1. Can you sort HIS116, HIS127 by 1.4 Å-probe accessible area, starting with the largest?
2. With helices defined as uninterrupted DSSP H runs, which ones in the chain have an alpha carbon span along their own long axis of at least 18 Å and mean Kyte-Doolittle hydropathy of at least 1.0?
3. Which whole-number percent is the relative contact order of the chain (Cα, under 8 Å, 6+ apart)?
4. For region 1-81, just the Cα atoms, rotate onto the principal axes and tell me the three extents in Å, largest first.
5. Per-residue ellipticity at 222 nm for the chain, helices alone: DSSP H runs ≥ 4 residues times -39500 (n - 2.57), over residue total, nearest 500 deg cm²/dmol?
6. Return one whole number: the accessible area per residue of region 38-79 in Å², for a 1.4 Å probe.
7. For region 83-155, what class follows from the C-alpha gyration tensor (a ≥ b ≥ c being the square roots of its eigenvalues): rounded when a/c is under 1.5, otherwise prolate if a/b is larger than b/c, else oblate?
8. So how do THR28, THR190 rank on accessible area, 1.4 Å probe, biggest first, that is with the largest at the start?
Amino acid sequence: MVRPREFDEEKALDAAMQIFWEKGFEATSLSDLTSRMGIQRPSIYSAFGDKKELFEAALRKYTRSHSAYVRASLQNNSSVQEGFRAFFENLVAKEYDKSPNRGCFCINTMVELSPHDEKFEVLTREHQMYLSVIFQEAIERGVQSGELKSDLNIKGLAQTLVVSLIGLTVIMKSRPERSFVDNSVEVILTLLK
């Protein structure tokens, strides 16, 4: 008979996600994980597999949550342009208001692991494509409502906004002057006019 788990897997996975997000895959040790998750190595292996499998589970949890957040951010505004403005401005504000600056867990993974690991290349690319679909749906709403021009290259614009999002997130890790980023956001938003 299998013993029931003596810990909450979701809480443990949240804790693992946070430490991986803070330190990255390579810099996070098993000791860091056991300490933060509040469980021992055998329990980690039993519930999640090895460190890489645990990281993958944490990344998948993050991308699901992040996608839901992005979709809700864009849908909670009657104006598509204002929805994108609020989304990008909130992104910048959060990065400059918090310390330490962790950036986006998925983008951090894209930079750290994707060049060397095909699985993470695919997982991070899938998230980029999913965000592109979310952006595309929002732009299509704007075109249908007459808020945005009908001759927009909707798919290309959505992909450009994803590239802009990734670029902003990466550059903010180096803490450029806030005006540098704010001016860039203003120019990015002109693409929706």
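The values are calculated or read from the model by the stated rules, or taken from the named source; none is laboratory data. Everything numeric here is computed off the predicted structure, so don't read it as measured data. For the accessible areas, the whole protein counts, side chains as well, though only heavy atoms, and no ligand, DNA or RNA atoms are used. Shrake-Rupley method; radii C 1.70, N 1.55, O 1.52, S 1.80 Å.
1. Working: HIS116 155, HIS127 15 Å².
From most accessible down to least: HIS116, HIS127.
2. Numbers: long enough: 9-23 (21 Å, -0.52); 51-75 (36 Å, -0.76); 80-97 (25 Å, -0.38); 118-145 (40 Å, -0.34); 154-172 (27 Å, 1.82); 178-190 (19 Å, 0.49).
Helices meeting the criterion: 154-172.
3. On the way: 158 pairs, mean separation 39.3, N = 193.
Result for the chain is 20 percent.
4. Result, largest extent first: 53, 34, 17 Å.
5. Details: 9 runs with 142 residues, N = 193.
After summing the helix terms and dividing by residue count, I get -24500 deg cm²/dmol.
6. Numbers: 2230 Å² over 42 residues.
Accessible area per residue, region 38-79: 53 Å².
7. Working: a/c = 4.20, a/b = 1.44, b/c = 2.91.
The shape class here is oblate.
8. On the way: THR28 0, THR190 75 Å².
The most accessible residue leads, giving THR190, THR28.
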